[in-house]
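First up is the structure itself, then whatever we jot down about it.
The values are calculated or read from the model by the stated rules, or taken from the named source; none is laboratory data. Just so you know, these numbers come straight off a predicted model, no measurement behind them. Backbone-built Cβ (ideal geometry, glycine too); neighbour counts: all protein chains shown.
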Amino acid sequence: MLDKIFVKFYGDLPYNRKEILRYAGVKEESEEIGALLDECIGEYSASFKVCYREFPVSLDGETLDLTFAKTDSKSLKINLNGCDSIILFAATAGIETDRLIAKYAKIAPSKSVIFQAIGTERIETLCNAFCNDFAAELSGKYTRPRFSPGYGDLPLELQKNIFSVLDCHRKIGISLNDNLFMSPSKSVTAIMGISNTNCRKRSEMCEYCEKTDCKLRG
C-alpha cells in the first residue's frame with residue numbers, strides 16, 4: 001500500500017437522527033422538528049468519497065515522524081503510541097450540503113440549520129464507516145481512533161502536507177484555501193494508527209483532545 005493512493009466510494013449510509021438533532025442543538029425531537037428533519041433528509045443527497053494512503057511512523061526523540069511531516073504534538077503521540085504505521089485519509093460528503101445551506105440561509109433559516117447538522121452527521125458517519133471497514137480487513141493488527149488536525153495540539157497547518165501527499169483535489173474533489181478551510185465544507189482529513197497490539201480501547205476522540213470547552217463533550 002505504501003506510495004499508492006487508494007480511493008473508495010460509498011453509497012447510502014444510514015442516518016442517525018439523534019446525532020443530527022444533537023448537532024442542530026435540539027434536545028428532544030418534537031412532531032414539528034421530526035417533520036422538518038424528514039423533509040430535509042428527503043431533499044438531501046451526498047456523494048461519499050475517501051482517499052487514503054499508508055505511511056510508516058516513528059518517534060525521533062520528542063518529534064513524531066509521520067514520513068510526510070514531522071510534529072511535536074503530544075496528543076498525537078499519545079494516540080499513536082506503539083504504532084509503526086498510519087493510514088492517512090481524506091473524506092468528503094460532497095458539495096450538496098453547502099448548496100442546501102446557502103439556498104435556505106435566507107429563505108428558511110431553520111432548514112439551513114438542519115442541513116448543516118445533517119452534513120456534519122453525514123461526514124462523521126462516512127469516517128466511521130471507513131475506519132470500521134478498514135479495521136475489519138486487518139489481520140493480526142489493530143487500529144486507533146482517528147485523529148485530525150485541530151484535535152488537541154495537532155496544528156491545522158498539517159493540512160497542507162496532507163493535501164499534498166493525498167492529492168485530495170484530483171482524487172476526491174476537496175480543495176484547501178489559504179485559511180486552511182476545506183471545500184466542500186463537510187470534509188475531513190485524519191490519521192488512523194495501526195498497531196500490532198490492541199493496547200488501547202477504541203473510544204471517542206474526546207479522550208485524546210485537550211479542548212475542554214468543546215460543546216460536543218458529554
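Does the range 4-13 contain at least one residue that is under 22 Å from the mean Cα position of the chain (by Cα), over 17 Å from CYS131 (Cβ atoms), touching a residue at least 60 places away in the same chain (Cβ under 8 Å) and surrounded by 13 or more Cβ atoms within 10 Å (Cβ to Cβ)? The answer is yes, given that some residue of the range 4-13 is under 22 Å from the mean Cα position of the chain (by Cα), over 17 Å from CYS131 (Cβ atoms), touching a residue at least 60 places away in the same chain (Cβ under 8 Å) and surrounded by 13 or more Cβ atoms within 10 Å (Cβ to Cβ).
Scanning the range 67-77 for residues that are more than 16 Å from ARG144 (Cα to Cα) and not in a loop (DSSP other than H, G, I, E, B) yields LYS70, THR71. Against the conditions (1) in a loop (DSSP other than H, G, I, E, B); (2) touching a Ser or Thr at 6+ places or on another chain (Cβ under 8 Å), LEU64 satisfies every one except (1). Among the residues of the range 125-146, the ones that are surrounded by 19 or more Cβ atoms within 10 Å (Cβ to Cβ) and farther than 18 Å from THR92 by Cβ come to 3 in all. If I filter the range 126-133 for residues that are of a type in the set (S, T, N, Q), modelled with pLDDT of 95 or more and touching a strand residue (DSSP E or B) at 6+ places or on another chain (Cβ under 6 Å), do I get at least one hit? No. Number of residues in the range 162-177 that are more than 17 Å from PHE6 (Cβ to Cβ) and crowded, with 17+ Cβ neighbours inside 10 Å equals 1.
Can you confirm whether ASP84 is of a type in the set (Asp, Glu), surrounded by fewer than 22 Cβ atoms within 10 Å (Cβ to Cβ) and modelled with pLDDT under 95? Answer is yes for this residue.
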